[in-house]
Amino acid sequence: MASTPIDNSAFVPTASVGPQEPKRSFLFRFFQKHRHALNDWMAGFSRIPNSPVMDPRAFEWTAELSRHADVIREEAMAIYRHRDAIPPLKELSPDHHGIATDDSWRSFFLIGYGQRIAENIARAPRTTALVERIPGLNSAFFSILAPGAVIPRHRGVTKAFITAHLGLKVPRDAANCTMEVDDQRVQWREGEWVVFDDTYEHEVWNNTGETRIILLCQVARPLRMPGSWLARAIMAYVRASPFVRDATRNLVGWEEAFKRAEGNVPVAGRGQACGQG
């Protein structure tokens with residue numbers, strides 16, 4: 001499955017390419033230029049291994065959420081019944097155009113970059129109560145990958161975060177629904193966690209006829225000072241950035257579409273139901 005890496009991120013957007021590219025701030029351009037050096041420096045203060053994949057047992061909060069995986073799965077599957085009204089990532093975040101090119105990757109946000117999505121939380125209150133116990137939680141959402149979907153090889157931007165996946169609905173042919181992080185192949189199992197550092201190149205593919213659903217959590221990396229100071233500055237910048245504001249605004253139209261789906265009203269095209277054009 002090797003392919004050309006794409007420098008993209010689930011946390012900090014890379015600059016778009018094309019005539020409509022927005023003007024980026026000096027801080028954004030500085031971070032883009034020096035991110036690898038900053039990550040190397042930050043890694044020196046990490047309280048956890050600087051490895052592509054980490055042992056979930058190293059994090060106290062993983063065990064509790066695993067014990068409640070059935071509750072989380074129940075809420076996720078109730079939401080998934082209205083799958084066509086769950087926004088594709090490319091509609092929420094055009095900055096992800098390099099890795100989300102169609103509707104095969106959908107994301108149902110409960111918490112995004114520190115912002116609580118009240119309407120969605122009301123549809124998964126028990127899951128939200130559980131994830132809010134995670135120290136340093138930045139984002140939590142249900143990530144849905146359709147049959148045949150591929151997320152091409154890419155890498156995140158900052159070591160300020162780690163990424164954790166809790167398997168909720170995993171295809172029976174698990175060997176063909178998997179992720180490769182650096183040179184390590186990992187597979188999801190229902191009720192179990194995969195924890196990894198997304199600044200390593202990674203790709204995902206679902207070469208099965210079934211949908212994969214996980215709970216994806218973005219969590220602050222445990223760091224010693226002064227690395228923790230830089231991480232907090234990055235988190236504050238991301239949360240205040242136009243990238244997050246635009247994504248939150250894009251959720252508004254999709255909320256209307258989801259309400260219509262819950263009322264058994266057919267979901268119209270995005271231009272009608274979701275204001276996406």
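The values are calculated or read from the model by the stated rules, or taken from the named source; none is laboratory data. Predicted model, so just to flag it, every value in this text is computed and none were measured. Note that each Cβ is placed from the backbone with ideal geometry, even for glycine, and that neighbours are counted across all protein chains shown.
A few comments on the model shown:
- Residues (over 18 Å from I48 (Cα atoms), buried (at least 21 other Cβ atoms within 10 Å of the Cβ) and at pLDDT 95 or above) located in the range 150-169: L166, G167, L168
- Every listed requirement among (1) surrounded by fewer than 17 Cβ atoms within 10 Å (Cβ to Cβ); (2) in contact with a helix residue (DSSP H, G or I) (Cβ under 8 Å, 6 or more places away or on another chain); (3) over 22 Å from T62 (Cα atoms); (4) of a type outside the set (D, E) is met by P147 save one, (2).
- Considered as a group, the residues in the range 200-223 that are assigned to a loop (DSSP other than H, G, I, E, B) and touching a strand residue (DSSP E or B) at 6+ places or on another chain (Cβ under 8 Å) include one that is surrounded by the fewest Cβ atoms within 10 Å (Cβ to Cβ), and that residue is N207.
- Taken together, A69, A78 contain a single residue that is modelled with pLDDT of 95 or more, of a type in the set (G, A, S) and surrounded by 14 or more Cβ atoms within 10 Å (Cβ to Cβ), which is A69.
- Residues that are touching a strand residue (DSSP E or B) at 6+ places or on another chain (Cβ under 7 Å) and assigned to a helix (DSSP H, G or I) were ranked within the range 120-153; the one that is nearest to A85 (Cα to Cα) is N120.
- Members of the range 172-199 found to be surrounded by fewer than 21 Cβ atoms within 10 Å (Cβ to Cβ) and outside any strand (DSSP E or B), listed by number: R172, D173, A174, A175, N176, D182, D183, R189, E190, G191, E192
- Filtered by the rule that a residue be farther than 16 Å from N138 by Cβ, out of contact with any Pro (no Cβ under 9 Å at 6 or more places or on another chain), modelled with pLDDT of 75 or more and not in a loop (DSSP other than H, G, I, E, B), the range 85-119 gives A85, P88, L89, A118, E119.
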